[in-house]
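The values are calculated or read from the model by the stated rules, or taken from the named source; none is laboratory data. The shown structure was predicted, so the numbers you read here are calculated from the model rather than taken from an experiment. With ideal geometry, Cβ positions are generated from the backbone for all residues, glycine too; neighbour counts draw on all protein chains shown. SASA here: full protein model, heavy atoms, side chains in, ligands and nucleic acids out. Shrake-Rupley method; radii C 1.70, N 1.55, O 1.52, S 1.80 Å.
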Amino acid sequence: MIQVSHLTKRYGDRTAVEDLTFTVESGLVYGFLGPNGAGKSTTMNILTGCLAATEGQVTIDGFDIFEQPAKAKARVGYLPEQPPLYTGMTVREYLSFVARAKGVRTAALDGELERAMTVTGVTDVADRLIRNLSKGYRQRVGIAQALLADPSVIILDEPTVGLDPLQIVEIRELIRSLGRERTVILSSHILSEVQAVCDRVLMIHRGRLVASGTPAELESQFAGKITYRITVKAGPLEAREALEPVPGVTEVLAKPDEAGRCALEVSVTDPDGDMDEKLSFALSDKRIPVLRLEREQASLEDVFLALTRDAGTGGQPEGKRKRRKRKEAQAS
Amino acid sequence: MTAIYERELDSLMNGLTGYVYGALMLLFGGIYVMAYHLEGSVDFTYVLYSMTFIFLIGIPLLTMRSIAEERHQKTDQLLYSLPLSMTRIVLGKYLALATVMVIPVLILGLYPPVVNALAESGTIPLKSAYGALVGFVFLGLALTAIGLFVSSLMENVGLAAGACFVVMLVLYFLTPLTGYISDSPAASLTAFCLAAAVFGIILWRLTRNGGFALVFTAALEAALGACFALWRTRFGGLFAEVVGKLAVFDRFDSFSYDIFDLRSIVYYISVAAVFLFLTVQSMERRRWAA
C-alpha cells in the first residue's frame with residue numbers, strides 16, 4: 001500500500017506537483033491520467049525515490065521513501081519513461097545485473113530471471129544484445145527489470161508510448177496480467193488505455209489531483225447531464241408537448257427540417273435508469289414515429305477534457321484529439 | 001555494490017575504453033623504459049615520473065563515460081531507483097575504474113626485473129622502483145576520483161573528457177603557474193581571494209543556492225583579510241607554498257627522489273575520499289533538481 005500525503009515539488013519557482021494526497025490500495029491497477037506536463041512523471045519519480053520532494057510524505061508498505069529509502073525502494077519496481085537499459089549488454093546479463101543490484105541472492109538468481117523473462121515474454125531474446133532489440137521488446141525488458149526481486153508495487157511511466165498498435169495491445173495485456181498479482185501504477189495521457197487497463201483512475205492536472213475513483217464512478221460523478229438525441233417525424237410543437245410532461249425531462253430543444261422531421265435534444269436526469277422506455281413510450285403514445293433515439297452520457301473522455309481544459313492549456317486541438325482516438329481504436 | 005562494480009568493469013572491458021587506456025599506458029611505459037634503460041639509466045622512477053604526464057590523457061579517457069554516459073542514456077534513473085545508497089553506487093563505480101587503472105601499472109611493475117635480467121651492466125634498485133610504483137598507483141587513485149567527479153557533473157561524454165583533461169592539465173602545471181605570482185604578501189592575498197571567489201562560483205553551481213554561496217565566499221574572503229591583517233609578513237609567497245603542498249602531481253616528486261613519502265600517500269587517499277564524497281553529493285543533487 002502506498003500513502004502519499006501533501007506531496008509538493010517545486011523546481012525554482014515552477015510548481016510541478018502541488019499538495020498531492022492519495023492512497024494506493026494493494027492488488028489494483030491504478031492509472032495516472034493527465035495531459036503532458038501535468039506532473040505524472042515527477043510524481044512517479046518521487047514515489048520511486050528517484051527525486052526528492054520539496055514537501056510531503058510518501059510511505060510504501062509503511063516505509064517512508066525519504067527516511068528508509070532502501071526498504072521502501074526494495075518494494076517498488078520502476079520503469080521510467082525511457083527504459084534504463086544498458087544497450088551493450090544482453091538481456092540476460094542486464095537482468096542479472098539489476099537482480100543482483102536489487103539484492104537477489106545468487107542461488108535464487110536463475111529462477112528469478114526465468115520468472116521475470118517468462119512473464120514478460122523475453123525468453124526468446126535472452127541472449128541478444130539489447131541494442132538490437134525492437135522497441136516493444138526493449139519495453140518488455142524494462143518491465144522485466146521492474147519485476148525482479150518480487151516488488152509488491154510496479155510503477156510504469158507511460159509504458160506504451162512509441163509502440164506500434166500490436167505492441168500496445170500486448171503490453172496492455174501484460175500489465176493486466178501483472179495487476180492480478182500485485183499493485184500496478186501506470187501513467188498515461190491516453191484515455192482509452194487507462195479505461196482498458198485500470199481499476200482506479202487518478203486524474204492529475206497541473207500538479208493537482210482533480211479527480212479519482214473507478215472509471216465508472218468518475219463517469220457517473222460527472223454524468224449529471226444526460227442528453228438524448230431523438231429524431232421524430234413530427235412538428236416541433238407536437239414533439240415538445242409529448243416529451244415535456246415526462247418526469248425527469250428538464251429541457252427539450254427542437255430543430256425542425258424541411259422534410260417534416262424534427263431533431264430533438266432532450267436533457268434529462270435519470271435516477272431510475274428507465275429513461276429510454278419513458279421517452280419512447282411517451283412518443284409512441286402520441287403516435288409520433290421515432291426515426292432515431294440515442295443516449296449520450298459524459299464519458300471518461302468528457303470528464304478528462306472538462307477537468308483539464310481550462311485557460312486553454314489542458315486540452316489538445318480537437319482535430320488532433322480525434323486523430324489520436326482513431327488510432328487507438330485501431331489499436332485496441 | 002558488487003553488482004555495480006562488475007557491471008562497470010564489464011562496460012570498461014567490453015567497450016574500447018579499458019583497452020585504449022591500457023594500450024596507452026603500456027605503449028608509453030614501454031617507450032620510456034626503452035628510452036631510459038637503453039641509455040643505461042638504472043633509475044626506474046624516471047619512467048614513472050614521465051608516465052605521470054600520460055595520466056593527463058589516460059584518466060579522462062578512463063573516467064569520461066562513468067557517469068556522464070549514464071546521464072546521457074538515462075540509465076541513471078535505474079541507479080536512483082535501486083535499493084542501494086548512492087555511496088555504494090559511486091564506490092562500486094570507483095573501484096571498477098581503479099581496477100582498470102591499476103592493471104597496466106602492475107604490468108609496468110614487471111619491467112624492472114625484466115630489465116635487470118637483460119641488462120649487461122647495472123641493475124635497477126627494486127626497492128626504490130616499487131616504492132615509486134606504489135606512489136604512482138596512489139596518484140592514479142586520486143586522479144581517478146577527480147575524473148569520476150568531473151564525469152558526474154557532465155551529461156555529455158565528450159565534454160566530460162574535455163573538462164577532465166583541462167582539470168588534469170591545470171593540476172599538472174599548477175606549480176609552474178604559481179611561479180608567475182610575485183612573492184609579495186599582497187599578491188599572495190590577491191591570489192587567495194581569487195581562489196576563494198572561484199571556489200564560491202563552483203559552490204554556487206553545485207548547490208544552485210546563490211545566497212549560501214555568496215555568504216560562504218564572503219566569510220572566506222573576510223577570514224583571509226583578517227589573517228592578512230594579523231600575519232602580514234607570513235603571506236609573502238604563501239600562496240605558492242600552499243599550492244605546492246596541494247598540487248597532486250608535484251606530490252609525486254618525492255617518490256622520484258627515492259623517498260617513500262607516507263604523507264603523500266595519505267594525501268592521495270584524502271584527495272580520493274574528498275572527490276568521491278563530492279561525486280556522491282553531485283549525484284544526490286540531481287535527486288533534488290533533475
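Loop-only check: which GluC sites (Glu not before Pro) in segment B:51-126 are DSSP coil with at most 12 other Cβ within 10 angstrom?
B:Glu120
Give me log10 I(q)/I(0) at q = 0.11, 0.21, 0.26, 0.28 Å⁻¹ for segment A:226-297, Debye formula, one equal scatterer per alpha-carbon, no solvent.
Cα-only, vacuum Debye calculation for segment A:226-297: -0.21, -0.80, -1.25, -1.46.
Tell me, what is the Rg over Rh of the protein assembly as shown, with Rh the Kirkwood radius over Cα pairs?
Answer for the protein assembly as shown: 1.16.
Taking every pair of distinct Cα atoms and averaging 1/r, then inverting, what Kirkwood hydrodynamic radius in Å comes out for segment A:175-245?
15.7
Solvent-accessible area per residue for segment A:39-126 at a 1.4 Å probe radius, Å²?
Accessible area per residue, segment A:39-126: 37 Å².
Scan chain A and report its longest stretch carrying no GluC sites (Glu not before Pro) that are both in a DSSP loop and have at most 13 other Cβ atoms within 10 Å.
A:68-180
Summing Lys, Arg as +1 and Asp, Glu as -1, what charge do residues with Cβ under 14 Å from the Cβ of A:Leu28 carry, A:Leu28 excluded?
0
Please identify the chymotrypsin sites (Phe, Trp or Tyr not before Pro) of segment A:23-89 that satisfy two criteria: DSSP loop assignment and at most 15 other Cβ atoms within 10 Å. Which are they?
A:Phe66
I'd like the carbon and sulfur percentage of the solvent accessible area for segment B:1-126, probe radius 1.4 Å, heavy atoms only, ligands and nucleic acids excluded.
67
If you take the charge dipole of segment A:11-69 about its Cα centre, with +1 on Lys and Arg Cβ and -1 on Asp and Glu Cβ, which of A:Gly49, A:Thr59, A:Gly31 is farthest toward its positive end?
It is A:Gly31.
Under 5 Å between amide hydrogens, which residues at least 5 positions from A:Leu186 or on another chain qualify, with H placed 1.01 Å from N in the peptide plane?
It is A:Tyr30, A:Gly31, A:Phe32, A:Leu156, by chain and number.
Given a 1.4 angstrom probe, what's the average accessible area per residue across segment B:185-236, in square angstrom?
Roughly 64 Å² per residue, with all protein chains present.
Which of rounded, prolate, oblate describes chain B, given a ≥ b ≥ c as roots of the alpha-carbon gyration tensor eigenvalues and a/c under 1.5 marking rounded, otherwise prolate only if a/b is larger than b/c?
The shape class here is oblate.
Mind listing which trypsin sites (Lys or Arg not before Pro) in segment A:89-137 are in a DSSP loop and have 11 or fewer other Cβ atoms within 10 Å?
For trypsin sites (Lys or Arg not before Pro) across segment A:89-137 that sit outside H, G, I, E and B with at most 11 neighbouring Cβ atoms in 10 Å, the list reads A:Arg105.
Using the Cβ atoms and a cut-off under 15 Å, what net charge is assigned to the surroundings of B:Gly135, where Lys and Arg are +1 and Asp and Glu are -1?
-2
Just from the alpha-carbon atoms, what are the Rg and Dmax of segment A:2-221 in angstroms?
In order Rg, Dmax, the Cα atoms of segment A:2-221 give 17.0, 52 Å.
Report the accessible surface area buried between chains B and A, summing both sides, using a 1.4 Å probe on protein heavy atoms only, in Å² rounded to the nearest 100.
2200
Please work out how much length the chain gains when fully extended from B:Glu241 to B:Phe173, using 0.36 nm per residue of separation minus the C-alpha to C-alpha distance, in nm with one decimal.
23.0 nm
Looking at the P(r) of segment B:185-236, how many percent of alpha-carbon pairs lie beyond 12 Å?
Tail of P(r) above 12 Å: 62 percent of Cα pairs.
Given the pairs B:Lys93/B:Lys127; A:Lys255/A:Lys286; A:Lys233/A:Lys286; A:Lys73/B:Lys74; A:Lys9/A:Lys71, which are separated by over 21 angstrom at their Cα positions?
Pairs exceeding 21 Å: B:Lys93/B:Lys127; A:Lys9/A:Lys71.
Would you mind checking the tilt of helix A:91-101 against the longest principal axis of the Cα atoms of chain A, expressed as 0 to 90 degrees and rounded to 10?
80
At 1.4 Å probe size, what's the solvent-accessible area of A:Val249? Round to the nearest 10 Å².
Approximately 20 Å² of A:Val249 is accessible to the 1.4 Å probe.
Return the residues of segment B:253-290 for which accessible area with all protein chains present is lower than in the chain on its own by 20 Å² or more; set the probe to 1.4 Å and exclude ligands, DNA and RNA.
B:Arg287, B:Trp288, B:Ala290
Let me know the longest stretch in chain B that avoids all trypsin sites (Lys or Arg not before Pro) found in a DSSP loop with at most 14 other C-beta atoms within 10 Å.
Looking at chain B, B:75-207 is the longest stretch - no exposed trypsin sites (Lys or Arg not before Pro) with at most 14 other Cβ atoms within 10 Å.
Once you list every other residue whose beta carbon is under 14 Å from the beta carbon of A:Ala239, what net charge do they have if Lys and Arg are +1 and Asp and Glu are -1?
+1
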